Amino acid sequence: MYEIWLAMNILWEIALTVWPWLLALLVLLIAAWSAALVRGSAGWRAGLAGTVAIGVLAAAAVILTLPMWSRSSLGELAYWVDWANLLAIAAGAAGIAMAVAWPLLATWQGRRWRPGRA
């Protein structure tokens, strides 16, 4: 349990050092979702498949590159908490990528020409 608490504290300290980037991400999310919701013709279901694909790609990219960025490797992840942290970070990155991509893809899908529509 201590390891999980330590990981949460480390995550909080990292967030404090990059708060301007987190604020910019929040503004981007608000802008993307607002634009998609205001237009009203977004194809939410049509954009979902692409959104899931982007999320999977983002998670895979984080799993493969994060250990290298921290001057480590996947081979050095021997403890279950290491793997849990890596998978949680990858899931967070996938969630962020999907939260940004879904309104953009839904707006793009809604604007495409569909048969029977002028």
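The values are calculated or read from the model by the stated rules, or taken from the named source; none is laboratory data. Please read these numbers as outputs of a predicted model, since none were measured by experiment. When we count neighbours, we look across all protein chains shown, and the Cβ atoms used for this are built from the backbone with ideal geometry, even at glycine. Surface areas here come from the heavy atoms of the whole protein model, side chains and all, with no ligands, DNA or RNA. Shrake-Rupley method; radii C 1.70, N 1.55, O 1.52, S 1.80 Å.
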Exercise. If you check Val62, Val81, which single one turns out to be at pLDDT below 85 and surrounded by 12 or more Cβ atoms within 10 Å (Cβ to Cβ)?
Worked result: Val81
For this session: Filter region 1-23 for residues that are open to solvent by less than 60 Å² (accessible area, probe 1.4 Å) and outside any helix (DSSP H, G or I) and give the result.
Result: Val18
Exercise. Which one of Leu57, Leu37, Leu48, Leu26 is touching a residue at least 60 places away in the same chain (Cβ under 8 Å), in a helix (DSSP H, G or I), more than 22 Å from Leu6 (Cβ to Cβ) and out of contact with any helix residue (DSSP H, G or I) (no Cβ under 6 Å at 6 or more places or on another chain)?
Worked result: Leu37
Exercise. Of the numbered conditions (1) aromatic (Phe, Trp, Tyr); (2) farther than 28 Å from Gly75 by Cβ; (3) modelled with pLDDT under 85, Tyr2 satisfies every one except a single condition; which is it?
Worked result: (2)
Problem set entry | Exclusive hit being out of contact with any strand residue (DSSP E or B) (no Cβ under 6 Å at 6 or more places or on another chain), of a type in the set (Lys, Arg) and surrounded by 13 or more Cβ atoms within 10 Å (Cβ to Cβ), set Arg39, Arg71, Arg45 | Arg39
